[in-house]
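Structure first, then comments.
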Amino acid sequence: MKTILYITLISLVALSCTNTGKKPSDNSPKNNSNFNETLAKKLGADTYGMKTYVIAFLKKGPSRFKDSIASAKLQRAHLDNIIKLAEEGTLVLAGPFLEEGELRGIYIFDVKTIEEAKKLTETDPAIQAGSLKMDLKLWYGSAALLQINDIHQKIAKIKI
C-alpha cells in the first residue's frame, strides 16, 4: 500500500513539473499596441513606461513662525521656489496634504540621486528657515508624470 502511495505521489509531482503545452498565463507580459517609441525615449521611459524619480516628503520643521505676516511671506517664497523648480523641469509634482499633522506635502523630482534632490530641496526658503524638513526616497513611477506640468498649465484657471 505504501508503494502505491509513493508511486502516486511521485507521479503527481512529475506531472506538475512538465510543460503541458498550454499557452502562457494571462499574467504574462503583452506588447502594447499603443506604444510610442519616440515619446518613450523623450520621457526616458523603460520598457514598462516607468522611470526613477526622487520623492520628498515635506515634514514640519523645528522652526515654525508664529507671526502670520512672516509666515505668509515664507509661504510665498516657498511657492515661488516650487514654480522655479517646475519651470526648470526638475520638479515634476508638488502639493500639500490636506489634513494637519507632521507630514505637510510632497515633491517628486526628476533626478537620479538623493544627493541631487537634496541640493534642490536646499533652495527652498521654507527648508532654509527650518519651517520644513524633507525625507527623500528613490521612487519608481510612470514616466508620463513628466507631462503633468504641461497638462496642468492647460487646466488651471488661476496660477499660484
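Scanning region 127-160 for residues that are assigned to a helix (DSSP H, G or I) and of a type in the set (S, T, N, Q), we see that the one that is farthest from S68 (Cα to Cα) is Q147. Here G130 fulfils each of the conditions (1) at pLDDT below 95; (2) over 13 Å from L58 (Cα atoms) apart from (2). From the list D110, D135, exactly one residue is acidic (D, E), modelled with pLDDT of 95 or more and within 13 Å of the chain's Cα centre (by Cα). Which is it? Answer to the check: D110.
Taking first residues from region 86-112 that are farther than 26 Å from R64 by Cα and free of Cβ contacts under 8 Å to residues at least 40 places away in the same chain and partners that are surrounded by 10 or more Cβ atoms within 10 Å (Cβ to Cβ) and among the aromatic types (F, W, Y), the Cβ contacts under 7 Å between residues at least 6 apart in sequence or on separate chains come to T90/F109. Restricting attention to region 28-59, report how many residues are small (G, A, S), within 29 Å of L79 (Cβ to Cβ) and free of Cβ contacts under 8 Å to residues at least 60 places away in the same chain. Here the count works out to 0. One residue stands out among those in region 18-62 that are modelled with pLDDT of 90 or more and hydroxyl-bearing (S, T, Y): the one that is farthest from A117 (Cα to Cα), which is T38. Any idea which of L132, L145 is touching a residue at least 40 places away in the same chain (Cβ under 8 Å) and either surrounded by fewer than 14 Cβ atoms within 10 Å (Cβ to Cβ) or out of contact with any helix residue (DSSP H, G or I) (no Cβ under 8 Å at 6 or more places or on another chain) (or both)? That would be L145, the only listed residue that is touching a residue at least 40 places away in the same chain (Cβ under 8 Å) and either surrounded by fewer than 14 Cβ atoms within 10 Å (Cβ to Cβ) or out of contact with any helix residue (DSSP H, G or I) (no Cβ under 8 Å at 6 or more places or on another chain) (or both).
When K154, K118 are checked against the criterion of being over 20 Å from the mean Cα position of the chain (by Cα) and of a type in the set (D, E, K, R), a single residue qualifies: K154. Listed by position, the helices (runs of 4 or more DSSP H) enclosed by region 34-126 that each have at least 2 residues that are within 14 Å of L146 (Cβ to Cβ) and out of contact with any His (no Cβ under 8 Å at 6 or more places or on another chain) are 37-43, 68-88. Restricted to region 110-125, and to residues there that are among the hydroxyl-bearing types (S, T, Y) and touching a helix residue (DSSP H, G or I) at 6+ places or on another chain (Cβ under 8 Å), the residue that is surrounded by the fewest Cβ atoms within 10 Å (Cβ to Cβ) is T123. Scan region 64-79 and tell me whether some residue there is at pLDDT 95 or above, among the polar types (S, T, N, Q) and surrounded by 12 or more Cβ atoms within 10 Å (Cβ to Cβ). Checked region 64-79: no residue is at pLDDT 95 or above, among the polar types (S, T, N, Q) and surrounded by 12 or more Cβ atoms within 10 Å (Cβ to Cβ).
The values are calculated or read from the model by the stated rules, or taken from the named source; none is laboratory data. Bear in mind the structure is a predicted one, so any value in this text is a computation, not a measurement. A quick note on method: Cβ atoms are made from the backbone with ideal geometry, for glycine too, and the neighbour counts reach across all protein chains shown.
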